[in-house]
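The structure appears right after this line, and notes come after that.
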Amino acid sequence: MSLFTILLTVTILLNIWTIFNSLFLYPLSPLTDLQKFPMVSLLVPLRNEAGNVTGLINSLRSLTYENLEIILLDDHSDDGTYERLIEYTEQDARMSVMKGKDLPEGWNGKVHACHQLSEKAAGDYYFFLDADARVAPSIIELSLGTMKKRQAAMLSGFPNYPNNNFLSHMLVPLQHMVVLLHLPLFMANKTTKPMFTAACGIFIVIEKEVYEAIGGHRSVMDSLVEDVHIAREVKRHGYKMVLANITGSALSYMYDSSSETWEGFKKNIYTGIGRSAMMVTFLTLFYTIVFVLPALLAGFALGTGNIALLLPYLLTVIFKMYVDARTGHPLWLAFFIPVAALLLISMMVASMSVHKKGKSYHWKGRQYQ
């Protein structure tokens, strides 16, 4: 069997699997048939997010769910975040602002901030939202409606990512691709098996009783990927957690620059794959074969005039276009899938290198092992 035949077969199967798997990424459902609307605590940790305060507060003001409290925590910002929060929330009785305590030894900064927020929350549901997120007015109704329909104790999802720099364009939307490609969503959304789990810390809704039953954020106090680890704890305790397609109702301005994108991914990616050098090796080979080789073959096709050799590359483009169409990202990104794959490989190696050398990851003025 020739290399061309192998690549053609692999890229055809890639498209078939992704389309099938995406059928189990649930859309958000409206909230119906409730006699009593439970109280929701929307909890937002902020560290040096002064530039996001205006957009965040304007988004939260538009929320239509009535039984709601919003608590915002400033985690030792030095850019005026706290002052802007006070200024922009003083006219809204639903909103309160608190200052975070000093970071105890052994805690991740964001995890500790979320833990403090949960201690102040009075709701029946906790909705953890990042400061760079913007949500639709009906997002709480949609989230609770989906949890009710799917009988889930926790819901998470990856938002749409409007990006303003090349590296973010290449890397950030790949989160959706990775989920649809690598996570069997039928198992993730239909079972409580912890190994089939993904979550996004930008957007997490969880029942208070379940949150307390798993030990809350304290149970993942030192984690750099606390979102996934909380989801696994939920499943480990026998509760159902679902991943939904929230891209039509939530977006996130995740990184402001290419350098911030690089540092953010470097901090998370190696930990996210279990700090496994074997997994880095496997994924490097997989992405090289599936996404890079078809592009090289396409270059050879253009040089020789054998247009049939373009097919594997075009099928990878179709695959990425399908993912981007489902998640609201620009379709032109699909043509750069070989570049994105190479950047992702470089990021995995860089992230692994930090850990192997015993160095620290840096994020927002703090260091993490």
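Positive-end ranking of Asn21, Thr89, Phe127 along the dipole of segment 18-160, with charges on Cβ about the Cα centre, is headed by Asn21. Note on segment 121-215: along the principal axes its Cα atoms extend 42, 30, 25 Å, ordered by decreasing extent.
Across all directions, the average flat footprint of the convex hull enclosing the Cα atoms of segment 317-362 is 4.1 nm². Projecting the Cα atoms of Phe196, Gly303, His182 onto the charge dipole of the chain (Cβ charges, centred on the Cα centre) puts Gly303 farthest toward the positive pole.
Using the crude model of +1 on Lys and Arg Cβ and -1 on Asp and Glu Cβ, and no other charge, please compute the dipole size for the chain relative to its Cα centre, in debye to 20. In total the dipole reaches around 1240 debye. Using the Kirkwood formula on the Cα atoms of the chain, what hydrodynamic radius do you get, in angstrom to one decimal? This gives a value of 21.6 Å.
When the listed pairs Lys36/Lys208; Lys235/Lys267; Lys320/Lys357 are checked against a 23 Å cut-off, the alpha-carbon distance exceeds it for Lys235/Lys267; Lys320/Lys357. In the chain, the DSSP-assigned H stretches of four residues or longer account for a calculated mean residue ellipticity at 222 nm of -15000 deg cm²/dmol, using -39500 (n - 2.57) per stretch and the full residue count as denominator.
Pairs of Cα atoms nearer than 8 Å and 6+ residues apart set the relative contact order; for the chain it is 21 percent. Taking every protein chain into account, the accessible area of the chain amounts to 43 square angstrom per residue (probe 1.4 Å).
Dividing the Cα radius of gyration of segment 215-369 by 2.2 N^0.38 Å, with N the residue count, gives 1.25. In this Cβ point-charge picture (+1 for Lys and Arg, -1 for Asp and Glu), segment 176-317 has a dipole of about 460 debye about its Cα centre. Net charge around Ile337, counting only other residues with Cβ within less than 11 Å of its Cβ (Lys, Arg = +1; Asp, Glu = -1)? With Lys, Arg at +1 and Asp, Glu at -1, the neighbours total 0.
Share of carbon and sulfur in the accessible area of the chain stands at 60%, probe radius 1.4 Å.
Checking the cross-link filter: which aspartates and glutamates have an alpha carbon closer than 20 Å to that of Lys99, excluding same-chain neighbours under 8 positions apart? Of all the aspartates and glutamates, those that pass the test against Lys99 - Cα under 20 Å, at least 8 places apart if same chain - are Glu49, Glu69, Asp74, Asp75, Asp78, Asp79, Glu83, Glu87, Glu90, Glu119, Asp130, Asp132. At a temperature of 37 °C and a viscosity of 0.692 mPa s, determine how fast segment 176-297 diffuses translationally according to Stokes-Einstein, using the Kirkwood radius over alpha-carbon pairs as Rh; express D in µm²/s, rounded to the nearest whole number. D, rounded to a whole number, is 201 µm²/s. The spacing between segment 121-191 and segment 280-333, judged by their C-alpha centroids, is 27 Å. For the chain, the residue among Val290, Leu331, Val53 whose Cα projects farthest onto the positive side of the dipole built from Cβ charges is Val290. In a Gaussian network model over the chain where Cα atoms closer than 10 Å are linked, find which of Ser219, Ser156, Ser62 has the largest mean-square fluctuation. Per the Cα network of the chain with a 10 Å cutoff, Ser62 tops the list. Considering segment 1-144, its Cα convex hull presents a mean projected area of 13.6 nm².
The values are calculated or read from the model by the stated rules, or taken from the named source; none is laboratory data. As the structure is a prediction and not an experimental result, all values here were calculated from the model. Here Cβ is always computed from backbone atoms with ideal geometry, including for glycine, and neighbour counts include all displayed protein chains. Heavy atoms of the whole protein, side chains included, go into the accessibility calculation; ligands, DNA and RNA do not. Shrake-Rupley method; radii C 1.70, N 1.55, O 1.52, S 1.80 Å.
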